[in-house]
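In what follows, a single structure is set out as structure tokens and then discussed.
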Amino acid sequence: MRPLRVGIVCPYSFDAPGGVQFHVRDLAEALRDGGHEVSVLAPADEDTEVPDVVTPAGRAVPVRYNGSVARLAFGPRAAARVRRWIDAGRFDVLHLHEPMTPSLSMLALWVADGPVVATFHTSQVRSRALQIAHPLLRQSLEKISARIAVSEDARRTLVEHLGGDAVVVPNGVYVDDFDVPPAPRWQGTPEAPTVAFLGRLDEPRKGLQVLAAAAPRILAEVPGARFLVAGRGDEGRADAEAALGEHAGAFEWLGGVSDADKATLLASADLYIAPQTGGESFGIVLVEAMSAGAGVVASDLGAFRRVLDDGAAGRLFRTGDPQDLAATVLAALADPDGTEERRRRAHRFVRGFDWSQVTARVLAVYEMAVAASEALGDGAVRQDLLAGRATWLLGRGPRLRGGEDR
Amino acid sequence: MTWSWSETALLVVVLLGLVLWLVWLTASRLDRLHRKVVASRHALQAQLDRRGRVCVDLASSGLLDPASAVLLADAALAALDSPDRPAEPRPSEAFALTGLPAERERAESALSMTLRSVLEDPDDVAELRSTATGDDLVGDLYSSWYRAQLARRFHNEAVAQARRARRPRAVRWLRLAGRAPLPRTVELDDQMPAGLEGA
């Protein structure tokens with residue numbers, strides 16, 4: 001396949017990186033390693049340190065949208081920047097992430113024409129705002145030549161809320177980066193096994209409170225157990241400590257950890273617990289834990305169930321049920337052979353999530369989008385001259401001439 | 001208050017302009033969707049053609065047992081030879097909005113079925129891949145097959161969008177879709193054999 005010029009748009013700011021941003025960064029890197037030319041457009045402050053593949057598209061504004069605060073970029077100035085980036089990039093294919101989030105990707109879809117691939121990450125609940133704006137967005141949506149969902153759950157949400165279909169290409173992980181030696185300070189012993197938790201402490205969806213509620217029962221059977229908790233959020237920590245009472249001493253608070261420390265933690269701990277209560281469409285951290293060789297105990301959300309190969313690569317417990325979590329952790333600790341067997345299966349299973357395989361599948365989608373466009377001689381990505389005509393007629397459209405946006 | 005002659009005329013002109021503008025908007029949307037349908041069908045057809053050619057190569061490579069080779073060659077040639085557009089296309093159908101002819105769909109489904117029985121066993125596939133030629137051919141087969149699956153999804157998606165856009169009554173009454181036939185999805189069996197999927 002000939003090298004492609006790929007333009008990737010990320011809707012969320014690199015000022016506060018999260019799952020989608022990491023995914024975009026890693027995908028761009030993997031594509032570059034494959035000899036393709038990549039440019040990423042993402043919101044970021046001038047002075048924010050971004051990977052050099054990223055073109056900062058200016059400050060993102062924190063706005064409350066669909067129940068949580070996100071840092072997004074929008075408005076005529078952002079649209080003008082997107083237009084200039086598309087003009088300058090002369091891309092063979094445009095890859096938009098979360099085009100239904102009101103930020104750069106939505107703008108790019110609006111102003112671009114040509115081979116467009118879109119990836120849907122979340123399995124978010126139906127948004128009323130989207131329903132209201134849907135007639136406006138429909139035309140944009142029809143411009144997407146190929147839709148990707150990161151999981152079966154994300155696909156189902158897409159089908160239910162927007163209609164239409166998508167192909168499933170999972171998120172990628174650099175599996176080998178997690179193959180690190182364990183650190184003795186986080187390694188457990190049979191009397192004092194270590195149990196790890198990762199994630200924001202003050203975000204109830206991450207489920208720290210479920211683990212805290214399960215801890216007393218685990219400690220009653222295994223008094224030496226150590227709980228290693230990595231993540232930020234003082235409020236969550238205070239709540240958990242209050243709930244734990246006399247057992248609080250068993251919890252070690254590691255705060256926010258670096259990528260390297262995260263890998264080491266996962267490679268060292270006996271068990272990794274994922275007690276998330278919802279809102280997960282993929283479960284990348286489970287793949288990371290499996291890559292590092294941790295035994296996994298996770299809530300039985302649809303996404304987790306699939307990533308864990310229906311329980312063959314890790315144990316599942318009833319979502320949000322501390323009793324069941326405690327019982328499952330105790331069973332895992334009492335059955336090292338079974339845990340080892342799952343760990344071995346997990347090690348093989350995660351290969352399918354390695355970037356080498358994921359990138360090949362994403363490229364196949366690009367190829368089909370480009371092929372369809374070339375079949376009619378339509379060629380590369382360009383500005384959609386019809387876009388914004390309606391607002392232009394009303395005299396409110398973004399000023400394009402001269403490319404001035406200050 | 002009564003409307004003066006000039007006010008009424010102005011109102012009519014404005015309304016007429018608005019209606020014309022909406023009609024133009026809808027027509028260009030339909031045009032875009034029709035182009036998308038045709039483009040994605042071309043992409044699908046290219047991958048199906050490629051899959052057929054790989055199958056002919058595989059059958060003539062001497063890597064398969066003779067019975068499998070004959071069956072595979074027969075199915076592949078049937079798929080490649082079957083017409084990829086209606087026999088006597090009316091001018092309006094030359095743009096091939098109506099998917100693939102039923103004959104072609106049947107031939108491709110039959111080829112998928114033959115391939116599933118030939119490549120059913122993962123061990124057989126692994127053995128095929130042990131030679132350099134075999135590895136190339138199986139790799140090509142997987143690649144074209146996977147892309148055909150993708151292309152078919154994207155095509156059917158485009159068809160669904162175009163059909164949805166043509167549903168409103170006004171669109172039908174004003175014949176905004178011109179003489180373009182109603183697009184049809186491509187329905188064929190493209191389930192991969194288990195042995196190939198893990199390849």
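The values are calculated or read from the model by the stated rules, or taken from the named source; none is laboratory data. Just so we're clear, the structure is a prediction, and the values are computed from it rather than from any experiment. Positions of Cβ are backbone-derived with ideal geometry, glycine not excepted, and every protein chain shown enters the neighbour counts.
The table that follows gives values for the structure above.
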item	result
Neighbours by Cβ (under 8 Å, 6+ apart or cross-chain): first from the range B:17-42, closer than 17 Å to residue B:154 by Cα and within 8 Å of chain A (Cβ to nearest Cβ); second of a type in the set (S, T, N, Q) and part of a helix (DSSP H, G or I)	B:33/B:161; B:36/B:161; B:39/A:373
Search result, residues across the range A:134-166 that are buried (at least 17 other Cβ atoms within 10 Å of the Cβ), among the basic types (Lys, Arg) and out of contact with any Leu (no Cβ under 8 Å at 6 or more places or on another chain)	A:155
Failed condition for residue B:79, given (1) hydrophobic (A, V, I, L, M, F, W, C); (2) surrounded by 19 or more Cβ atoms within 10 Å (Cβ to Cβ); (3) within 13 Å of chain A (Cβ to nearest Cβ)	(3)
Residues within the range A:142-192 that are in contact (Cβ under 8 Å) with a residue 40 or more places away in the chain, more than 14 Å from chain B (Cβ to nearest Cβ) and among the polar types (S, T, N, Q), tallied	4
Hits in the range A:296-322 (condition: closer than 18 Å to residue A:214 by Cα and in contact with a helix residue (DSSP H, G or I) (Cβ under 7 Å, 6 or more places away or on another chain))	A:296, A:297, A:298, A:315, A:316, A:317, A:318, A:320, A:322
Looking only at the range B:137-150, and only at residues there that are in contact with an Asp or Glu (Cβ under 9 Å, 6 or more places away or on another chain) and more than 12 Å from residue B:50 (Cα to Cα), the one that is surrounded by the fewest Cβ atoms within 10 Å (Cβ to Cβ)	B:149
In the range A:168-179, the residues that are surrounded by 19 or more Cβ atoms within 10 Å (Cβ to Cβ) and either among the hydrophobic types (A, V, I, L, M, F, W, C) or under 22 Å from residue B:163 (Cα atoms) (or both)	A:169, A:173, A:175, A:178
The range B:178-199, subset among the charged types (D, E, K, R) and in a loop (DSSP other than H, G, I, E, B), residue surrounded by the fewest Cβ atoms within 10 Å (Cβ to Cβ)	B:179
Whichever residue in the range A:207-249 is part of a helix (DSSP H, G or I) and charged (D, E, K, R) and, among such residues, is farthest from residue A:321 (Cα to Cα)	A:234
3 or more residues assigned by TED's automatic domain parsing to the domain that holds residue A:380 and modelled with pLDDT of 90 or more: qualifying strands (runs of 3 or more DSSP E) within the range A:43-136	A:93-97, A:116-120
